Amino acid sequence: MQRMREELNKQHKTNAVLQIELDKLKGRKAGDPRARNVNGRGTPSTEDEGTRSHIVDAQRQVQRLTNENKELRLRLENLEKELELLRDNLLASQQEADERFNQVEVLQQDIERLQQSLEIARGLLN
């Protein structure tokens, strides 16, 4: 779970760094949504094409990391369920072992009682 949180934080940091780089390449201050493109219009310049491909690559990487994160979460959930099942099985086995140990003690007491009865019966026959 900790690794997934770290991965998510890493993705957030990567996104923030990419946004800062994008803002620098566009020649505007970070976080200024009113700034226009380099040519002063809403149309892309030639510099924007390189930036755009960089953004597309970054978006693909973010999507890949997001999918990987989802898969890891699902895997973690399955492992946690399996661990819970194994714990339940362990408890059941421990209880069964305790019950058998108690049965062994009772049987040993019965053997001792029967041996004493046998010794008394032999003593009466002699």
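Values in this text are rule-based calculations from the coordinates and carry no lab data. Since this is a predicted model, take the numbers as computed values, not measurements.
Cross-link candidates for Lys70: which lysines have Cα within less than 30 Å, leaving aside residues fewer than 8 places away along the same chain?
Hits, sequence-local ones excluded: Lys10, Lys13, Lys81.
Mind running the shape call on region 53-126? Use the C-alpha gyration tensor, a ≥ b ≥ c as the square roots of the eigenvalues: rounded below 1.5 for a/c, prolate if a/b tops b/c, oblate otherwise.
Here region 53-126 falls in the prolate category.
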